[in-house]
Each structure stands twice: as C-alpha cells, then as structure tokens.
Amino acid sequence: GASGAVYTTNDIGRVTSGAVKALLGKVYLTTGDYTKATAKLEELIPGAPGATATTPLFGYSLLTKYSDVFSQANKNNAEIIFNIQYSSGSFSEGSNFTYYFYPNVKPTLLSYVQPQALGLLTPDLFKAFEPNDSRTATSCSNQGATAGTTIGNYYSLKYQDNPLATYQGNCNWIVLRYADVLLMEAEALANNDDYTNALVYLNRVRTRARNGQAATVVPARVYSTKAQLLADILKERRVELSMEGQRWFD
C-alpha cells in the first residue's frame, strides 16, 4: 500500500519491506513455526509485544469502514500491504475480475460487457456472516433470489467496477492486507497458547466489522478452549477475507 512505503507515485505497487515481512510471517505460520511467525508479524503491528524502538512505522491500519478497503477511489489505502496493480483503459493493463465475478442474472450491473458468473458464491457463505455484520453487503450480495436459499445468484462486491470492455477493469488484486496480518498473529499466538493476546487481535477485526453498532453486534470472542479459539479464528478468516484467494490455503 502507499502508506506502507516511501515510494513516489510512479513506484506505488512495487514490493515493500512491509510486504516481505507479512509474506514471511505467513510462510512461518503455514509451516507451523508459530514463534517465528509471531515475531515477524509483530514487526508490522504498532504496540505489539514484539515491537521495539527500532521497529519501522509502516503505517498500516484497519480502515474504519470495511467497504472502503475495496473502493476504486481508494485503491492503495492504509490497509493494503501488497496489491497487484491494474489500470482501466485500453492499454492492456486492466483486470477482468468484475467480468468474471458478477452474476449473469442481472447484466445491467455491467453496462458494456456480459458478466460470466464464474466466481459466484453459495448460500453457505452468506449464512456464515452474523446478523448485522457490516461486511456482509460487500462480501455476499444477492440478486434475483431469496436471501440464504438459492444457489447461483450470490456474488461479491469487492470487485465493483463497470469497465468499457473485457480486460479493461480498474480493480486491483489484494495479496496481503492488514486484517490478514492481525488474524495471522492471532492464529500464531493461539497455537503458542497465548490466548489473551490472540483474542486481542481477533477482536480488533471483529470490532471493525460492527461499523459503530452496539457491542452485541459481532460480539467479542472469549476463551473457552484452544480448539474453539482456533476454530473462531478460521471462521473469522472465512468471512473477513472471502473471495480474496485465501480460503483454499486456510
């Protein structure tokens, strides 16, 4: 993201040291080295136990409003750690995510191309979101079906765009963002039996999902067992990062 680097405008999109640290933390977590994962991810989290006086201030943060993370007017925001950059227009630098992911039951969502509906969702994902979760509308919209029942019409609004032709979309592809780092940190800590701090990072993500609503909406998770906490973190990753290419690896 632009906030995580000192690059000038022409260089935005290049890999930063913050992106490298986040990816290395994910590698450590994936291989089961939870101590190294925790230490590396904490280098990106201000005030984390592993942060030191020399820890770079990358400036990553959760945006207040979930939908703003995916806004075409705010493509390299403070939550983005690494984006694959695309640009609309007829210069062969555009993306095709909207064309693939929008449903074909309502082609008016795209004025110039007929959507292919290759990345539609299932009611099971819709049902995974808690009532009044502010992420639902962006993550799992519905057209032409009764909510929660019909397969084939659920789609994500994370790639909301109206390109003039195929491969002329403006949507970037998010590889790493700060919410992912917080959830990875929670998972690494939980696996190392630090349940108190794991809940801190898990609940930061859940608090943002309320979008200012009462604490009973997307309530804070509490500790009961290690297995349940790890299940809660995996569930949170499913709804927080849906359609961002993380679920298969999780």
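The table below gives the values:
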item: Kirkwood hydrodynamic radius over Cα pairs of the stretch 128-246, then Stokes diffusion coefficient at 4 °C and 1.567 mPa s, in µm²/s; result: 81 µm²/s
item: Set of lysines near K26 by C-alpha distance (under 17 Å), chain-local residues within fewer than 8 positions excluded; result: K36, K40
item: Portion, in percent, of the accessible area of the chain that falls on carbon or sulfur, probe 1.4 Å; result: 55 percent
item: Reachable lysines from K235, criterion Cα separation under 17 angstrom, eight or more residues apart if same chain; result: K127, K226
item: Accessible area (Å², per residue) of the chain, counting only protein heavy atoms and a probe of 1.4 Å; result: 47 Å²
item: Quotient of C-alpha Rg and 2.2 N^0.38 Å, computed over the chain; result: 1.03
item: Tilt relative to the chain, helix 17-31 - C-alpha long axis, 0 to 90 degrees, to 10; result: 80 degrees
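The values are calculated or read from the model by the stated rules, or taken from the named source; none is laboratory data. Predicted model, so just to flag it, every value in this text is computed and none were measured. The area values use the complete protein model at the heavy-atom level, side chains included, leaving out ligands, DNA and RNA. Shrake-Rupley method; radii C 1.70, N 1.55, O 1.52, S 1.80 Å.
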